[in-house]
Amino acid sequence: KYSTKDVNGATTSNLNISIVGAGLVGSLAAIHLGKRGHKIKLYEYREDIRTAELVIGRSINLALSARGRKALAEVGLEDKLLEHGIPMYARMIHNLDESHKIIPYDNKSSQAIYSVGRKYLNEILLNAAEKYPNIELKINRKLSGGQVSNGEMIFTDTFTKEEEKVSSDLIVGCDGAFSSVRREMLKKPGFNYSQTYIEHGYLELCIPPAKDGGFKMPENYLHIWPRGKFMMIALPNQDRTWTVTLFMPFENFDAIKSSSDLLSFFNIYFADSIPLIGEERLIKDFFKTPAQHLVAIKCRPYHISSKVLLIGDAGHAVVPFYGQGMNAGFEDCSILTELFTQYDSNLEKILQEFSDQRWEDAHAISDLAMYNYVEMRDLVNKRSYLMRKAFDDF
Ligand code: FAD
């Protein structure tokens with residue numbers, strides 16, 4: 001370790017920090033901590049998202065909101081992302097009778113949430129991280145063992161199967177809801193953890209661009225088809241497509257076994273979306289992959305000793321109905337930076353304070369996200385009773 005002045009002019013010790021997971025939160029955390037002069041190694045299990053064709057099983061676009069924007073602004077990346085993002089000023093409700101209702105997010109000013117592509121966002125973050133000479137990106141490295149509470153990890157090269165032992169002053173676990181960093185922490189006394197799967201799953205569909213190359217629906221809205229027990233939403237993409245996500249109990253997914261089951265289900269509940277998606281594409285995409293599970297993870301604390309900390313989904317995965325999972329993970333990066341400034345790289349204090357400050361908000365956003373599913377699929381629509389009845393009769 002050696003002392004230097006960080007970008008904000010504060011004296012700081014330079015630490016060897018290993019970040020596990022170069023997803024959205026890990027790559028932003030690398031920039032936040034790298035900007036302070038720490039020596040960062042950023043490990044990622046998968047291939048480089050910048051050259052990978054398709055990220056299977058991950059939402060294609062996400063809603064970026066104020067807390068995420070703040071963390072991006074702090075490292076000079078907000079404008080770049082907003083340039084690409086598509087503002088959504090209101091929800092557009094698609095009623096069963098095919099009428100529409102607009103519910104603004106904010107009546108007084110024109111605040112918006114932004115639809116951004118996951119791949120684009122991750123690419124921007126990785127490109128920005130790689131510009132720092134003190135950040136080293138290590139792709140195709142899987143955390144496979146070690147003792148994280150002592151700052152020790154073993155990574156396996158996913159191609160050569162060679163193992164590398166790594167020792168760090170600090171490990172930041174950003175390896176998502178099924179975190180390997182967290183595995184050892186679960187065995188430590190005083191580490192509280194809960195995992196809740198909801199009985200609903202999700203499946204992604206796509207609305208292609210119109211023949212003239214434009215959007216098939218008004219683009220500055222988050223479109224919602226609330227149907228009581230289930231719902232569909234659509235967020236716009238830069239290429240004029242829409243990512244459509246159907247959220248529904250697994251038993252209802254299972255009941256749709258054939259193309260004709262699917263078309264009759266869509267004809268009853270989402271008739272206006274059929275010409276938008278196209279029958280053929282709807283059938284192809286619906287049966288391509290099974291519905292995915294949704295899990296909420298709560299931890300308290302987020303650290304063990306002064307060596308290991310969980311942030312992002314690894315510490316607090318939430319169901320997606322409040323659009324806050326990534327945003328809360330980005331906010332973790334802001335908070336961590338503030339604590340590094342406040343405690344001048346004293347890891348014991350930083351990690352303890354992070355856990356103390358963060359758990360209440362993280363647990364609250366998780367509960368709000370659970371509640372907002374009911375709001376989005378049901379309460380948002382005054383006539384939901386009729387939908388529920390129609391669904392029960394289906
Ligand atoms: P992840 O994105 O899961 O990244 C973890 C990374 O760690 C991955 O790259 C993985 O390969 C790597 N990794 C895993 N294990 C290892 C290992 N052993 N060794 C090395 N690397 C490893 N959030 C929002 O804010 N707004 C939204 O609109 C929104 N919509 C969503 C819609 C859906 C359908 C879903 C499912 C989620 C949505 N979210 C949204 C949540 C958001 O996707 C997550 O909160 C976000 O991806 C968390 O980022 P992360 O970097 O913490 O974890």
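The values are calculated or read from the model by the stated rules, or taken from the named source; none is laboratory data. None of the values given here were measured: they were computed from a predicted structure. With ideal geometry, Cβ positions are generated from the backbone for all residues, glycine too; neighbour counts draw on all protein chains shown.
From the set of residues in segment 148-176 that are free of Cβ contacts under 8 Å to residues at least 24 places away in the same chain and either aromatic (F, W, Y) or within 11 Å of the ligand (Cβ to nearest atom) (or both), which is surrounded by the fewest Cβ atoms within 10 Å (Cβ to Cβ)?
Only one residue tops the list, namely F159.
Among the numbered criteria (1) at pLDDT below 95; (2) among the hydroxyl-bearing types (S, T, Y); (3) farther than 14 Å from L170 by Cα, which one does S355 miss?
All conditions pass for S355, except number (1).
Condition first: in a helix (DSSP H, G or I) and surrounded by 15 or more Cβ atoms within 10 Å (Cβ to Cβ). Now tell me which residues in segment 282-295 satisfy that.
Residues satisfying the conditions are L282, I283, D285, F286.
Where in segment 33-105 are there strands (runs of 3 or more DSSP E), lying wholly inside it, with at least 2 residues that are buried (at least 18 other Cβ atoms within 10 Å of the Cβ)?
Answer list for segment 33-105: 39-44, 61-64, 86-88, 90-94.
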